[in-house]
1. Quick one: grab Rg to one decimal and Dmax as a whole number for segment 168-326, Cα atoms only, in Å.
2. If the cut-off is a Cα-Cα distance under 30 Å, which lysines reach residue 116, setting aside same-chain residues fewer than 8 apart in sequence?
3. Residues with amide H under 5 Å of residue 285's amide H, sequence separation 5 or more or different chain, H placed in the peptide plane at 1.01 Å from N; which?
4. Return the whole-Å distance between the Cα centroid of segment 22-96 and the Cα centroid of segment 209-248.
5. State to the nearest 20 debye the size of the charge dipole of the chain about its Cα centre, where the only charges are +1 on K and R beta carbons and -1 on D and E beta carbons.
6. For 194, 155, 248, 223, what's the fewest-to-most ordering of other Cβ within 10 Å of each Cβ?
7. State the answer as a single residue: which of 199, 244, 130 lies farthest towards the positive end of the charge dipole of segment 82-322, with beta carbon charges of +1 for Lys and Arg and -1 for Asp and Glu, about the Cα centre.
8. Based solely on its DSSP helices, what 222 nm [θ] is calculated for the chain when runs of n ≥ 4 H residues each add -39,500 (n - 2.57) and the sum is averaged over all residues, nearest 500 deg cm²/dmol?
Amino acid sequence: MPGEPREVTDGYYFPVSPLLLFPRTRGKFGVYVKLNEQYRLYAHPDEPFSDDQRRKLYENGVTEVYVLGRQRRQFQNYLETHLGGVLDNDNLPMSERSEIFHSVSTSIMREAFETKLPVTLDKERFERIFQLVTASTRFLHKGGSLKSLAKLISHDYKTYSHCVQVFVFTSAILYSYGREDDFLVQAGMGAILHDIGKTLIPKEILNKPGSLSIREREMLEAHPVRGVALCAQVPLSQDALNVILFHHEAMDGSGYPTGLSGEAIPLAVRAASLANAYDRLTSEKPFAKALTPFEALSAMRGEMAGQFDQEALKRLVMVLSGAEVI
Ligand SMILES: [Fe+2]
């Protein structure tokens with residue numbers, strides 16, 4: 001009978017908040033409650049969660065329910081589908097929502113970057129990333145989200161976590177300009193996909209310690225153009241494509257691939273290139289030690305200053321100090 005606890009004795013479980021089980025939705029995982037140190041099946045896989053179940057858990061003071069470790073993947077998929085609702089739910093603690101954003105975004109981007117792409121980014125992968133960016137853009141602008149996210153930021157450089165982090169910082173900088181949601185989502189898409197072209201560059205070049213040969217440098221510096229080519233079949237706006245193509249341009253014209261400079265570089269690109277540089281400098285790489293946030297910002301205001309939009313850089317500093325990163 002639905003809702004009746006059934007005893008289960010084997011398996012490994014992980015705890016989740018009952019607030020994550022949305023009424024009238026279903027997931028392909030069982031939900032367990034712990035009674036007298038025993039896990040008991042509370043809701044069957046594929047059984048829709050009811051308002052009644054949620055109320056009963058609440059009335060009994062249950063703050064954690066459990067999912068089997070081997071159904072983690074199914075639980076992730078469920079969260080991904082309902083991410084907008086989760087992140088908008090102000091009853092859920094910010095720390096919990098940040099963890100969910102972090103885990104869902106990292107897993108989507110890890111898959112996008114580490115499983116072989118077809119010739120171009122396919123519609124299905126694009127759609128998952130678009131849903132992620134749309135569902136999380138509003139969350140990233142909520143007071144306190146960046147502060148709890150900052151604790152989860154990875155300083156161990158991986159292209160996919162770097163892309164998520166560049167999305168987070170770009171979004172925070174651009175939000176301070178009071179731009180509309182559509183623009184923020186498209187700039188966010190550009191930021192999260194900015195290095196997609198690196199999936200086509202050999203790992204030996206990406207991780208090579210020391211200097212690159214001319215040929216290797218050319219291959220590396222082709223990643224923005226190759227990134228745009230990978231996105232040829234999916235509906236990205238010009239703002240998003242600009243971020244992918246121009247994120248290595250510099251205000252003083254010393255960047256690549258076109259040597260564009262100053263105001264000719266669109267605002268979304270200037271924000272993303274700052275976010276990109278900040279995240280790179282504060283990450284540990286095979287060939288370079290991570291700088292602290294303070295050291296990174298000092299370098300960006302000092303010897304690297306010519307590369308960046310100083311007004312946007314001030315906004316990044318404000319965002320980071322608001323999040324108590326510096
Ligand atoms: Fe890049």
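1. 15.4, 43
2. Cα-Cα hits under 30 Å: 28, 158, 198, 203, 208, 285, 289.
3. Residues meeting the amide H criterion: 290.
4. First find each Cα centre; the distance between them is then 41 Å.
5. For the chain, the charge dipole is close to 460 debye.
6. Arranged by neighbour count, lowest to highest, 194, 155, 248, 223 become 155, 248, 223, 194.
7. Most positive-ward Cα: 199.
8. Values: 15 runs with 165 residues, N = 326.
Result for the chain, helices only: -15500 deg cm²/dmol.
Values in this text are rule-based calculations from the coordinates and carry no lab data. None of these values were measured; they are calculated from a predicted model. Note that each Cβ is placed from the backbone with ideal geometry, even for glycine, and that neighbours are counted across all protein chains shown.
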